[in-house]
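Here's the structure we're looking at; comments come further down.
The values are calculated or read from the model by the stated rules, or taken from the named source; none is laboratory data. Predicted model, so just to flag it, every value in this text is computed and none were measured. Here the Cβ positions follow ideal geometry from the backbone for every residue, glycine too, while neighbour counts run over all protein chains shown.
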């Protein structure tokens, strides 16, 4: 596929979607882990934002590979390409954790709060909530750090003097 609009590469446009949607999803799951009222209020919005970013990451990678073929090789571009390939596992993890956190809130915690006698033991709820929180912290921070590293390498590849590499 030729990733162009009016002769201009689509990669910068798709990358901007990733750099907005993915950190937003990552930050939302992180804040929601410690602010359950926000998690209840946002509901399925956070998993949907994570889904958008999950879809956008492979599009950014593919459009970047197309652009790489047009501009030619460089050490900085190769470093950016290699880092770019590391974001998809983080996007998958953030999406899975966002869905798990939403489902836990919706079908367990909210349902338990409306029952006269909770069906899950208190210690089970605490353990699952703690595990989810650890997963949220790890995936959100890891994903954001990876996004920043990829963006930094991409900026260097675009704005550095290519004759110096």
Any hit, the stretch 84-100, residues being surrounded by 12 or more Cβ atoms within 10 Å (Cβ to Cβ), within 28 Å of residue 3 (Cα to Cα), touching a helix residue (DSSP H, G or I) at 6+ places or on another chain (Cβ under 6 Å) and modelled with pLDDT under 95
yes
Residue hits (the stretch 1-10; under 13 Å from residue 62 (Cβ atoms) and loosely packed, with under 13 Cβ neighbours inside 10 Å) are 1, 2
Next item on the list: Output yes when any residue across the stretch 44-54 is over 24 Å from residue 132 (Cα atoms), touching a residue at least 24 places away in the same chain (Cβ under 8 Å), part of a helix (DSSP H, G or I) and over 10 Å from the mean Cα position of the chain (by Cα), and no when none is.
Entry: no
Scanning the stretch 32-43 residue by residue, those closer than 11 Å to residue 102 by Cβ and assigned to a helix (DSSP H, G or I) turn out to be 32, 39, 40, 42
If we keep only residues of the stretch 55-82 that are without any contact (Cβ under 8 Å) to a residue 60 or more places away in the chain, part of a helix (DSSP H, G or I) and over 18 Å from the mean Cα position of the chain (by Cα), then the residue surrounded by the most Cβ atoms within 10 Å (Cβ to Cβ) is 68
Screening 13, 27 for residues that are within 16 Å of residue 133 (Cβ to Cβ) and surrounded by fewer than 18 Cβ atoms within 10 Å (Cβ to Cβ) leaves only 27
